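Asker: A single structure is presented below for examination.
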Amino acid sequence: MSSERPCPVCLGRSYAHFTDERIDPARVGALTYASRKPPEFMCLRLVRCKDCDLVYAPPPPAEDFLHAAYSDADFDSGPEALAAAQTYADALRVHLPGLARRNAAVDVGAGTGPLLPFLQEQGFFPVIGIEPSRAAIEAAPPAARPLLREGMFSAAMLEGETLSLITSFMTLEHLRDPGEFVSTAHGLLEPGGAIAVVVHNWRAPLNRLLGPRSPIIDVEHLQLFSPRALHELLARTGFEHIALKPIRNAYPLRYWLRLTPLPASAKRLLLRLLERSGLADRQIAMNVGNMLAVGYKPEPSK
């Protein structure tokens, strides 16, 4: 037990079995730690915290291993990243009027920076993307590349900036210590600033139905949130007026097909049919169990 981390949200040590480890070293490759890859259906041993409902890996990989894995990961999700950024922008837009100021906005896990133009349009200045993958930054369009900073999120990367907004979409599952991330974000934000995160909801009906064949059960994911666990993560750090809401993701049909647990041969056949019918690139919006949470750093008492 001493080699296992406590629950990274509530620090509890009382847990129930969730799923056993399933890792095939022969299938680990350049896309294993890349975003929006084809599902590999591998995972670490996962347990469920009895206190806050977080699902997490008790012994996660070492921090230096994770840094190297994400830094060296390939990038193969350009169209899907653009579609995801549009979904996140639409979900985030309604919360922005709650911000008193539009100083710096930081997108953590920015990829090629598809969300950054939206943040610029909303009046934030400067707009900064933080991304650990060199391949993603190299694949960024010329306008976004100067806005991207390579590395893992830290206070040192943002020294001297006055931050009004920090976003992090589909990133918290990948961190050894999501509590430290949220605490650092809280410390960096100006009073009245906000954090916005999107994560998988392991309690969503589709994920519960698919069980271990859900794409969210993945070797990259060191924890999986429920609404209760995500709310507690933000509240424990001092964020207030926390709003949680399911979101609908819109992707081309070819990408939705990639995520299914069907055999590869069946996927290839269905993809050919979709391409012949002209439907492969049609955008379809679905609620597949992702949720947005927004929390605000309180203003000083007057």
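None of the figures in this text is laboratory data; all of them are computed from the coordinates on show. None of these values were measured; they are calculated from a predicted model. Here the Cβ positions follow ideal geometry from the backbone for every residue, glycine too, while neighbour counts run over all protein chains shown.
Asker: Quickly estimate the mean residue ellipticity at 222 nm for the chain, helices only: each DSSP H run with n ≥ 4 gives -39500 (n - 2.57), and the total goes over all residues, rounded to 500.
Answerer: -8000 deg cm²/dmol
Asker: Still on this structure, please answer the following. May I ask you to derive the FRET efficiency for S183 and L262 from their Cβ-Cβ distance with R0 = 51 Å, giving the value to the nearest 0.05?
Answerer: Once the sixth-power term is evaluated, E becomes 0.80.
Asker: Another question, then. If you average the sequence gap of Cα pairs under 8 Å that are 6 or more apart and divide by the length of the chain, what percent do you get for the contact order?
Answerer: 20 percent.
Asker: On to the next question. Points 7 angstrom from Cα along the Cβ direction at L209 and A285: gap in nanometres?
Answerer: 2.0
Asker: Averaging the inverse of every distinct alpha carbon separation and then flipping it gives the Kirkwood radius. What is it for the chain, in angstrom units?
Answerer: Answer for the chain: a Kirkwood hydrodynamic radius of 19.9 Å.
Asker: What spacing in nm lies between the two simple spin-label points modelled at K50 and A26, each 7 Å away from Cα in the Cβ direction?
Answerer: Between K50 and A26, the simple spin-label model gives 4.0 nm.
Asker: Any idea how far apart S301 and V94 come out in nm if each label point goes 7 Å out from Cα toward Cβ?
Answerer: With each label point 7 Å from Cα toward Cβ, the separation is 3.3 nm.
Asker: Let me ask another. Which Cys in the chain stand alone, with every other cysteine's Cβ at 4.7 Å or more from theirs?
Answerer: Cysteines lacking a close Cβ partner in the chain: C43.
Asker: Now, a different point. With a ≥ b ≥ c the root eigenvalues of the C-alpha gyration tensor of segment 149-302, is it rounded (a/c under 1.5), prolate (a/b larger than b/c) or oblate?
Answerer: prolate
Asker: To continue, here is another question. Can you tell me how much longer the chain between E4 and I242 gets when fully stretched, taken as 0.36 nm per residue apart minus their C-alpha distance, in nm with one decimal?
Answerer: 82.7 nm
Asker: Which FRET efficiency value, to the nearest 0.05, is calculated for Q120 and A235 with the Förster distance at 35 angstrom and r the Cβ-Cβ distance?
Answerer: Given R0 = 35 Å and the Cβ-Cβ separation, E is 0.70.
Asker: Going by average Cβ neighbours within 10 Å, how do the peptides 293-300, 148-155, 206-213, 111-118 rank, with the highest at the top?
Answerer: In decreasing order of mean packing, 293-300, 148-155, 206-213, 111-118 become 111-118, 293-300, 148-155, 206-213.
Asker: Where does each of K50, K267 land when they are ranked from fewest to most other beta-carbon atoms within 10 angstrom?
Answerer: K50, K267
Asker: Once you order the gyration tensor axes a ≥ b ≥ c over the Cα atoms, which shape class does segment 215-302 get: rounded for a/c under 1.5, otherwise prolate or oblate by comparing a/b with b/c?
Answerer: Prolate, since a/c reaches 1.5 and a/b exceeds b/c.
Asker: When the chain is fully extended, how far beyond the present Cα-Cα distance does R228 get from L269, taking 0.36 nm per residue of separation?
Answerer: Full-extension gain reported as 10.7 nm.
Asker: Sequence gap at least 6, Cα distance under 8 Å: using those rules, report the relative contact order of segment 73-213 to the nearest whole percent.
Answerer: Relative contact order for segment 73-213 comes out at 24 percent.
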